[in-house]
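Working notes, structure below.
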Amino acid sequence: MNTGPANIATLAVDLEPLSLEERLLRISAMAGRKVFTTSLGIEDQVLTAAIARSAAAIDIVTLETGRLFPETLTLINETETRLGIPIDRYRPEAADVEAYVVNYGRNGFYDSVEARHACCDVRKLRPLSRALEGAAVWVTGVRRGQSQARADTPLVEWDAQRRLLKVNPLADVDLPEIRAYAQDHDVPLNPLHERGFPSIGCEPCTRAIKPGEPERAGRWWWEQDQKRECGLHVKTAEPTPQEEPVS
Ligand code: SF4
């Protein structure tokens with residue numbers, strides 16, 4: 001179904017009253033290729049299950065950075081088998097990784113923020129660009145409750161840097177709702193969640209959190225910036241163009 005041109009605010013209004021699976025079907029009906037990037041965390045697992053259950057036409061991809069936990073790698077295969085859906089793996093270019101290691105050392109990301117961003121660029125951002133090539137819509141599992149930096153995440157936004165629509169269908173969903181969906185639908189989950197990892201990224205850059213800490217406190221824990229992110233979900237300054245077509 002192509003619903004014709006509308007603006008971003010209209011799409012957000014459309015999505016707001018819908019259930020998760022209805023939201024995905026609404027996104028699925030939009031023109032162009034839709035891509036969901038999963039990190040295999042609980043939010044993304046719920047989204048993956050909802051895509052599979054609703055048969056929404058949304059490609060599922062993951063960034064296999066080369067530094068993921070073994071549990072996460074196992075979960076990619078398990079998810080494909082149990083949910084019956086393919087997950088496309090995007091990996092860093094070997095030459096980029098070699099150049100990083102020469103310049104910074106394999107674990108150079110501990111030494112400076114600049115070195116850390118360089119690693120995320122090679123292992124995440126460049127593969128992400130390839131994964132989103134030709135996409136009209138980028139679907140993410142970002143939630144407002146994950147961190148202060150994500151507290152104002154909208155349901156729909158314009159990614160000015162990548163020139164595509166970014167839809168966050170879990171933006172307004174809280175963690176208990178996520179857990180309830182996972183339990184009700186027997187969603188495969190990363191066993192690390194049970195060991196104090198609410199947010200799971202690359203193994204050397206993620207630690208378990210202590211009781212009372214924010215959900216993402218275990219990510220790049222040695223850095224002081226409270227807004228630390230890998231660059232995937234950093235906002236750009238360009239205002240949302242109301243004339244961008246949303247179908
Ligand atoms: Fe590199 Fe850590 Fe970023 Fe993974 S999270 S890409 S290991 S700096």
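Read-outs throughout are calculated quantities, based only on the coordinates presented, and are distinct from any laboratory measurement. Keep in mind the model is a prediction, meaning the values are calculated, not measured. As a convention, Cβ positions derive from the backbone with ideal geometry for all residues, glycine included, and neighbour counts pool all protein chains shown.
Relative contact order for the chain using alpha-carbon pairs under 8 Å, separation at least 6, rounded to a whole percent?
It rounds to 26 percent for the chain.
Computed over the Cα atoms of segment 79-225, what is the convex hull's projected area averaged over all directions, in nm²?
For segment 79-225, averaging the hull's shadow over all directions gives 10.5 nm².
Toward the positive end of the charge dipole of the chain, about the Cα centre and with charges on Cβ (Lys, Arg +1; Asp, Glu -1), which of V101, C205, L40 goes farthest?
Comparing the listed Cα positions along the dipole, V101 ranks first.
Pick out, from Q148, C119, P86, the residue whose Cα sits farthest towards the positive end of the charge dipole of segment 79-151, with +1 on the Cβ of Lys and Arg and -1 on the Cβ of Asp and Glu.
Of the listed residues, the answer is Q148.
Which ordering of D159, D184 is given by a fewest-first count of other beta-carbon atoms within 10 Å?
Listing D159, D184 from fewest to most nearby Cβ atoms yields D184, D159.
For K210, list the aspartates and glutamates whose Cα falls under 14 Å from its own Cα; do not include residues on the same chain fewer than 8 positions away.
Once the sequence-local aspartates and glutamates are set aside, what remains near K210 is E194.
Just how large is the dipole of segment 3-157 about the Cα centre, in debye to the nearest 20, putting +1 at every Lys and Arg Cβ and -1 at every Asp and Glu Cβ?
Roughly 40 debye, rounded to the nearest 20.
Only Cα pairs within less than 10 Å get springs; with that Gaussian network setup on the chain, which residue of P204, P17, P92 has the largest fluctuation?
P17
Can you report the principal axis dimensions of the chain using only the alpha carbons, biggest first, rounded to whole angstrom?
Principal-axis extents of the Cα atoms in the chain, largest first: 50, 39, 33 Å.
Which whole-angstrom value gives the distance between the alpha carbon centres of segment 85-108 and segment 138-159?
With segment 85-108 and segment 138-159 each reduced to a Cα centre, they are spaced 26 Å.
From the square roots a ≥ b ≥ c of the eigenvalues of the alpha-carbon gyration tensor of segment 73-135, which class results: rounded (a/c under 1.5), prolate (a/b over b/c), or oblate?
Prolate shape, in that a/c is at least 1.5 and a/b is the bigger ratio.
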